[in-house]
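The values are calculated or read from the model by the stated rules, or taken from the named source; none is laboratory data. Everything quoted here is computed from the prediction, not taken from an experiment. Cβ atoms come from the backbone with ideal geometry, glycine included; neighbour counts cover every protein chain shown. Just the protein is used for accessible areas: all its heavy atoms, side chains included, with ligands, DNA and RNA removed. Shrake-Rupley method; radii C 1.70, N 1.55, O 1.52, S 1.80 Å.
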Amino acid sequence: MNKENAIEVRNLYKSFKVQYDKAHTLKDRLLIWSKRKTEVHEVLKNISLNIKKGETVALIGTNGSGKSTLLKLMTKIIYPNSGTVRTNGKLTSLLELGAGFHQDFTGRENIYFNASIFGLTRKEIEGRIQDIIDFSELGEFIDNPIRTYSSGMYMRLAFSVAINVDADILLIDEILAVGDQHFQEKCYSKLKELRDSGKTIVIVTHSLGVVKELCHRAIWIYKGEFKLDGDPAYVIEEYLKQSAIDHKELIRKQKETGQYQSKAIVNIDRPRDLATVSKSSKTSLLRGWVVTDELNATLKIYLNQNEITDVDREPRPDVYDVYYEQFPSSLDANTLGWKKELDLSEMKEGDYKLTVSCYGSDGQLMESKEIDFSLEA
């Protein structure tokens, strides 16, 4: 193994047997013994890669592509059908947070149990237990049985233990949404600190913004095969292009069989619901956005019963960043927004209802949003 590498994967194959009509009783076995069907599902195919010491690397890909399986192979939770995985350094994994916790023992007692699983001696645990407690922010709850903890408290304690065991290699699988916003930001800061201190980190996540901000490299696994490796921004762009192609093809097939129903989200930013608009302003901006996977959708805006025409479309990169993963094949950041400047001088004082609706190519209403506002002198 090259001494510069923390992880080496060579010619890795992994498959699982899936058995259908599995018998659970003796009677079932006698009745369906000849009908049992077994399929071999090949999850990873000829994967080879190096991860150098001190690198932070993301494994990206759609659900079912084999990312988590590859991470489990690195931890040796499971083993390959063929090929090798070698690691160089003390390793800790954040795959199943809280694995090894006992519900009837206190948080403090479970710190000792869990940290010992990661290979720490009692003396080492005692030297850092206060750091673990402080990071978890559990305070006095640390001496309560963890069966009394909320799910957020449970996950915070597990995360705090895992990142304080002083490992050389950290393997992380989709567990960064731990606790509230404050604690998530704290976790990201800690991971950046570990990255900058020279730890090797391999992370599986669908949060592509995190990949760009945190990682040195991104490795794209596509249908169990190595697809691309390089700068995160470039790899993510190629991944999204392929996802858009696959999504369009999936929608096409589902529409042919009548299984697909288009969806849309409509929002009005201005004015706010129940707002009061002063006529002295002379003009008022109507503004909002719409996202949909219907390629030929139509947007219609009404003020009371009168349709508003000549509506301008505008860029909304903020909306695109939120929804591009949910609508991978149909969003154009440059046209997601809409706006219309109202001439208030031509309007009478009183109450108004603004309705924004999105219609599919078949003319059916997909989504609608309405707000009320008042126009005063």
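If you go through the range 142-154 one residue at a time, how many are free of Cβ contacts under 8 Å to residues at least 40 places away in the same chain, touching a strand residue (DSSP E or B) at 6+ places or on another chain (Cβ under 9 Å) and not in a loop (DSSP other than H, G, I, E, B)?
Total satisfying the criteria: 2.
Listed here are the residues, each with its yes/no results for (1) surrounded by fewer than 17 Cβ atoms within 10 Å (Cβ to Cβ); (2) closer than 25 Å to K3 by Cβ; (3) within 28 Å of the chain's Cα centre (by Cα).
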{"residue": "V57", "(1), (2), (3)": "no, yes, yes"}
{"residue": "G66", "(1), (2), (3)": "no, no, yes"}
{"residue": "L71", "(1), (2), (3)": "no, yes, yes"}
{"residue": "N81", "(1), (2), (3)": "yes, no, no"}
{"residue": "L94", "(1), (2), (3)": "no, no, yes"}
{"residue": "E109", "(1), (2), (3)": "yes, no, no"}
{"residue": "S116", "(1), (2), (3)": "yes, no, no"}
{"residue": "G119", "(1), (2), (3)": "yes, yes, no"}
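With the checklist (1) over 30 Å from K223 (Cα atoms); (2) modelled with pLDDT of 90 or more; (3) not small (G, A, S) in hand, flag the one item F101 doesn't pass.
Checking F101 against (1) over 30 Å from K223 (Cα atoms); (2) modelled with pLDDT of 90 or more; (3) not small (G, A, S), the one that fails is (2).
Given the structure, is K199 out of contact with any helix residue (DSSP H, G or I) (no Cβ under 6 Å at 6 or more places or on another chain) and surrounded by fewer than 19 Cβ atoms within 10 Å (Cβ to Cβ)?
Numbers: out of contact with any helix residue (DSSP H, G or I) (no Cβ under 6 Å at 6 or more places or on another chain): yes; surrounded by fewer than 19 Cβ atoms within 10 Å (Cβ to Cβ): no.
No: the conditions fail for K199.
Which one of V165, V211 is touching a strand residue (DSSP E or B) at 6+ places or on another chain (Cβ under 6 Å) and within 30 Å of H41 (Cα to Cα)?
Working: V165 fails: within 30 Å of H41 (Cα to Cα).
Being touching a strand residue (DSSP E or B) at 6+ places or on another chain (Cβ under 6 Å) and within 30 Å of H41 (Cα to Cα) holds for just one of V165, V211, which is V211.
Pairs please, first residue from the range 243-270 and within 30 Å of L285 (Cα to Cα), second anywhere and buried (at least 16 other Cβ atoms within 10 Å of the Cβ) and small (G, A, S), Cβ atoms under 6 Å, 6+ apart in sequence or on different chains.
Every condition considered, the pairs that remain are S262/G360; N267/G288; I268/G288; D269/G288.
Those residues that are open to solvent by 20 Å² or more (accessible area, probe 1.4 Å), outside any helix (DSSP H, G or I) and of a type outside the set (S, T, N, Q), I need them from the range 203-229; list them, please.
Listed by number, the residues that qualify are H206, H216, R217, Y222, K223, E225, F226, K227, L228, D229.
Can you tell me how many residues within the range 282-319 are open to solvent by less than 70 Å² (accessible area, probe 1.4 Å) and not in a strand (DSSP E or B)?
Total meeting the criteria: 7.
Show the residue pairs that are 6+ apart or on different chains and have beta-carbon atoms under 6 Å apart, the first residue being within the range 280-300 and within 30 Å of E249 (Cβ to Cβ) and of a type outside the set (K, R), the second being part of a strand (DSSP E or B) and open to solvent by 20 Å² or more (accessible area, probe 1.4 Å).
What qualifies is W289/N267; V290/L299; V291/I265; T298/Y359.
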